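For reference, the structure is listed below as structure tokens.
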Amino acid sequence: MKKINTIIGIETSCDDTGISIYNEKDGILSEYIYNQTLHEKYGGTVPELASRDHIKNILKIILITIKKKKAKIKNITAISYTKGPGLKGPLIIGTITAKTLSYNLKIPSIGVNHLDAHIMISLIFNKTIKFPCIAILVSGGHTMILKLEKYNKIILLEETSDDSIGETFDKIARALNLTPSNGKSIENEINNKIIYDIIKFIKTNKPTKKINISFSGIKTNIIKYIRTHKERKDIICHNFQREVIKIIIKRIKNILKNYNIKNIILAGGVAANKELRLVLKEFSLKFKYIFHKIPINYCTDNGLMIAFLGFIKIKEGVKDNQLNIETYENLTINQ
Ligand code: KG4
Ligand code: ZN
């Protein structure tokens, strides 16, 4: 009888502990995401505290996930975990947990790339994606425009060499004293308001061959603006969000000119931004592209993306990497 794969995914690259159980026939069996809130008072993730909180909670979260619904421990056929990129301490904790479970349950464990996983999760929700396609990966650590030749061949076309888009959202949120200091708080400031006030921020850092996408110019200008102006926070957030989305759309437009590609994927934490989703949808409608979204809850870090990429790797024949406790903090795409 053909074995049905059931994979438990463990995501601990930063400050979220995401666990999910994915079955190749029935899809998501169970999942749980624990967001560490202890960093809020520091205005950003403190790596040492993140590690300690992962240690404190990871087994509890795995147990909660396994006990939910039909996810039985005896049915799990493999474990997949984030091998990188991310914070060293949190990555080590996820890796050791995966290896310990793997050893005791006598099932394979497979380390997967967090960046690839952000993109690949779109295959669960968009069955009609056609390759080659363009993927826009916008997260806390990365901003990349990629070409997917096929599902397991990803080519980097452009990336930021300074701040990532998510980092830019976080820094502006911090400058405005929003809690938590992240993009979701910026979005919440604007939420459902019609704002007409336009602030003209001076932009610097025009794209060069070396720096393809850059947010550092707009970031510096807005932070300076916040120090010297007393406008309402919602007006500043609205104008900032509009400017960064403009930067992304401009780069995408430029890249798409060079390829005969119709399918576009938007992935990573910032892909949860409703305005970015809307603007890309309108752009795609106007220029006849097919835009594939990921449900908002699965754009930010989660266990499902790790479980699903683990499943793909098993199908490809990737083998257990034994008790090798290695983490890769600076991994890039496709490694
Ligand atoms: O992918 P992710 O969860 O973690 C990394 O792999 O980095 O992305 C986190 C980033 C943070 O910078 C956060 O501020 C941003 O995603 N983010 C958002 C929204 N939700 C999360 N940015 C803008 N709008 C949102 N709704
Ligand atoms: Zn991520």
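Among residues of region 134-153 that are without any contact (Cβ under 8 Å) to a residue 40 or more places away in the chain, those with a beta-carbon under 6 Å from a residue that is more than 13 Å from ligand 1 (Cβ to nearest atom) at least six positions away or on a different chain give the pairs E149/P132; K150/F131. If you go through region 33-43 one residue at a time, do you hit one that is open to solvent by less than 10 Å² (accessible area, probe 1.4 Å) and not in a loop (DSSP other than H, G, I, E, B)? No, region 33-43 contains no residue that is open to solvent by less than 10 Å² (accessible area, probe 1.4 Å) and not in a loop (DSSP other than H, G, I, E, B). If the condition is being over 19 Å from the mean Cα position of the chain (by Cα) and under 16 Å from I7 (Cα atoms), then region 18-44 contributes N23, E24, K25, D26, G27, L29, S30. Residues in region 272-288 that are within 16 Å of I165 (Cβ to Cβ) and not hydrophobic (A, V, I, L, M, F, W, C): N273, K274, E275, R277. The single residue among N321, N302, N334, N330 that is in contact (Cβ under 8 Å) with a residue 60 or more places away in the chain and more than 29 Å from K184 (Cβ to Cβ) turns out to be N321. Taken together, I66, I61, I55 contain a single residue that is in a helix (DSSP H, G or I) and without any contact (Cβ under 8 Å) to a residue 40 or more places away in the chain, which is I55.
Counting only residues that are within 15 Å of ligand 2 (Cβ to nearest atom), open to solvent by 20 Å² or more (accessible area, probe 1.4 Å) and among the acidic types (D, E), region 1-32 holds 2 of them. Annotation: A272 fulfils all but one of (1) farther than 30 Å from G94 by Cα; (2) open to solvent by less than 50 Å² (accessible area, probe 1.4 Å); the unmet one is (1).
The set of residues from region 234-280 being in a helix (DSSP H, G or I), over 22 Å from D170 (Cβ atoms) and either of a type in the set (V, I, T) or touching a residue at least 12 places away in the same chain (Cβ under 8 Å) (or both) comprises I252, K253, I255, L256.
Of all residues in region 97-110, none satisfies being in contact with a strand residue (DSSP E or B) (Cβ under 6 Å, 6 or more places away or on another chain), within 13 Å of ligand 2 (Cβ to nearest atom) and either at negative phi or touching a residue at least 40 places away in the same chain (Cβ under 8 Å) (or both).
Within region 97-109, is even one residue at pLDDT 95 or above and within 16 Å of ligand 1 (Cβ to nearest atom)? Scanning region 97-109 turns up no residue that is at pLDDT 95 or above and within 16 Å of ligand 1 (Cβ to nearest atom). N239 meets all of the listed conditions (1) open to solvent by 60 Å² or more (accessible area, probe 1.4 Å); (2) of a type in the set (S, T, N, Q); (3) more than 24 Å from L137 (Cβ to Cβ) but one, namely (1). Here the strands (runs of 3 or more DSSP E) wholly within region 73-168 that include at least 2 residues being of a type in the set (G, A, S) are 78-84, 109-113. Criterion applied to N113, N75 was being more than 15 Å from E11 (Cα to Cα) and either surrounded by 20 or more Cβ atoms within 10 Å (Cβ to Cβ) or in contact (Cβ under 8 Å) with a residue 40 or more places away in the chain (or both), and the one residue passing it is N75.
In a residue-by-residue description of region 291-304, the property of being within 16 Å of I145 (Cβ to Cβ), of a type outside the set (S, T, N, Q) and either open to solvent by less than 30 Å² (accessible area, probe 1.4 Å) or in contact with a strand residue (DSSP E or B) (Cβ under 7 Å, 6 or more places away or on another chain) (or both) applies to at least one position.
The values are calculated or read from the model by the stated rules, or taken from the named source; none is laboratory data. Note that the coordinates shown come from a computational prediction; the quantities given were computed from them, not determined experimentally. A quick note on method: Cβ atoms are made from the backbone with ideal geometry, for glycine too, and the neighbour counts reach across all protein chains shown. For the accessible areas, the whole protein counts, side chains as well, though only heavy atoms, and no ligand, DNA or RNA atoms are used. Shrake-Rupley method; radii C 1.70, N 1.55, O 1.52, S 1.80 Å.
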